Amino acid sequence: MEQYIISGGKPLIGEVEIGGAKNAALAIIAAAVMTDEEMLLENLPDVKDVNLLLQAIQDTGIKVERIDRHTVKINASTIHSYRVDYEYIKKMRASYYLLGAFLGKAGKAEVALPGGCDIGSRPIDQHIKGFRALGADVEISNGMVYTYADHLYGQHIYMDVVSVGASINVMMAAVLADGYTIIENAAKEPHVVDVANMLNRMGANIRGAGTDVIRIRGVEKLHGCEYSIIPDQIEAGTFMFAAAATRGNVLVRNVIPKHLEAITSKLREMGSTVMEYDDAVHVIASDVIKSTHVKTLPYPGFPTDMQPQIGVTLGLSSGTSIVIESIFETRFKYLDELARMGADVKVEGNLAIITGVPEYKGAEVSAPDLRAGAALVIAGLAAKGYTIVDGIKYILRGYERFDEKLRALGANIAVVTNEREIIEFKYKVV
Ligand code: EPZ
């Protein structure tokens, strides 16, 4: 089993280049299959979730040609099946974007129903509500979602919860529907806007993405285009907090600073200096990390995908902080692991009380999910001594060359698979 070993206590210093946004890429790959013409997608992150979705679409007969590590050509004219089995969904929930994409394209889709996951129960009732409103029949049986429509018709749809996935899925289904669709209470995340921008480039007529009302006028046909995916806001935020927690100084390049405003403002409250440039942010940490309170919210609020990273950083602050997780109910599992490194934490329902300690002490910890795993790596980088992080398969779902990028910033981190490699690492870093 692969693990990260980290010898902590060194500030991260230098520059890091951020890749394409994983969560935008997943929806964009699904949207790309809605035309039979060739699509060229650039700035795709080379991470497990993205590669799994590319494999899932290939299994339906769609041609996927990798041009280089971050560029693929997709041609869906050869599609012969509109089915995605549980094998994919259980590894990567976002395969459910193929429901909206296939339904919009062909009026049919059969996709396994995603279950709960490591961060909480994750229903898809709002996706289904949207498809039904557009005139599709949706049935759930034997763990599959079956959806069919002879014809989709534009509708006025009100989302009961703000959902990134449902907003994107229903938007995809509506672009080729007859007439006018309005999605109210839509998610405003940058990746919702990115998918809308690409669909518009393909000939769709979507207005208002990035606000809570998305308006879609159905068109007859979509065509091929070239599209470059936006930078990953969460990867960037992870490096920004890693800089703060290790008292480092890091220039985070290839970002859209506007997408990072909630993260930047919390870091400033915690004492870091953050300078914003056109496509970079520079984080200079302060020696003393100040405590603060934070509540996760849909964009432009503080992202739930950054909650573990701010949590581990607040654990090293000079006071007591309250963190409220309002999106996913079981996203505090990493705090039990952090307590094993000496953190002073108390969890009550969706609220965590984190009292800063002067330092963490290295320990063997397990990544409970993707972002929590990245956060435990940050804790290890800041900690005194050696930390081993298990479960790096989660981290690799969403971070490309994570250890390599950290090493370039001066971190002592390596991937090890056995005791001998752990001993060798310790011998080398002494
Ligand atoms: C996306 O998940 C991201 N995943 C998640 O990132 C992210 O944490 C989440 O948005 C919130 O920002 C992808 O983009 C692939 P939601 P998604 O639908 O779309 C409830 C990561 O680490 N809800 O916005 O599945 C839901 O339970 C991942 O990269 C319903 O009740 O999230 C949650 O409480 C993890 N019914 C809230 O809405 C529905 O039909 C927001 O979920 C849909 C959602």
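The values are calculated or read from the model by the stated rules, or taken from the named source; none is laboratory data. Not measured: the values here are computed from a predicted model. As a convention, Cβ positions derive from the backbone with ideal geometry for all residues, glycine included, and neighbour counts pool all protein chains shown. With ligands, DNA and RNA removed, areas are computed over all heavy atoms of the protein, side chains included. Shrake-Rupley method; radii C 1.70, N 1.55, O 1.52, S 1.80 Å.
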Do you know which residues across region 60-81 are open to solvent by less than 80 Å² (accessible area, probe 1.4 Å), under 15 Å from residue 109 (Cα atoms) and without any contact (Cβ under 8 Å) to a residue 40 or more places away in the chain?
60, 61, 62, 81
Subset of region 122-144 (residues that are in contact with a helix residue (DSSP H, G or I) (Cβ under 6 Å, 6 or more places away or on another chain) and of a type in the set (Val, Ile, Thr))
138
Collect the residues in region 5-33 that are away from the ligand (no atom under 16 Å from the Cβ) and either open to solvent by 10 Å² or more (accessible area, probe 1.4 Å) or more than 30 Å from residue 247 (Cβ to Cβ) (or both), keeping them in residue-number order.
7, 8, 9, 10, 11, 13, 14, 15, 17, 33
Do we find a residue being polar (S, T, N, Q) and closer than 21 Å to residue 40 by Cβ anywhere in region 185-206?
yes
Restricting to region 98-128, name every residue that is in a helix (DSSP H, G or I) and either open to solvent by less than 20 Å² (accessible area, probe 1.4 Å) or within 11 Å of the ligand (Cβ to nearest atom) (or both).
98, 99, 100, 101, 102, 103, 104, 125, 126, 127, 128
Which numbered condition residue 263 misses (of (1) closer than 21 Å to residue 102 by Cβ; (2) among the hydrophobic types (A, V, I, L, M, F, W, C); (3) in contact with a Gly (Cβ under 6 Å, 6 or more places away or on another chain)):
(1)
Between 72, 64, 47, which is at pLDDT 95 or above, among the β-branched types (Val, Ile, Thr) and under 30 Å from residue 248 (Cα atoms)?
47
Within region 231-252, can you find the residues that are farther than 10 Å from residue 18 by Cβ and open to solvent by 20 Å² or more (accessible area, probe 1.4 Å)?
247, 249, 251
Residue 48: out of contact with any Asp or Glu (no Cβ under 7 Å at 6 or more places or on another chain) and either within 24 Å of residue 189 (Cα to Cα) or in contact (Cβ under 8 Å) with a residue 24 or more places away in the chain (or both), yes or no?
yes
One residue from 170, 219 being surrounded by fewer than 24 Cβ atoms within 10 Å (Cβ to Cβ) and either within 16 Å of the ligand (Cβ to nearest atom) or assigned to a loop (DSSP other than H, G, I, E, B) (or both)
219
Here the residues within region 145-167 that are away from the ligand (no atom under 11 Å from the Cβ) and either without any contact (Cβ under 8 Å) to a residue 12 or more places away in the chain or buried (at least 20 other Cβ atoms within 10 Å of the Cβ) (or both) are 145, 147, 149, 152, 157
On the basis of being within 16 Å of the ligand (Cβ to nearest atom), open to solvent by 10 Å² or more (accessible area, probe 1.4 Å), touching a Ser or Thr at 6+ places or on another chain (Cβ under 8 Å) and within 27 Å of residue 216 (Cα to Cα), does residue 84 make the cut?
no
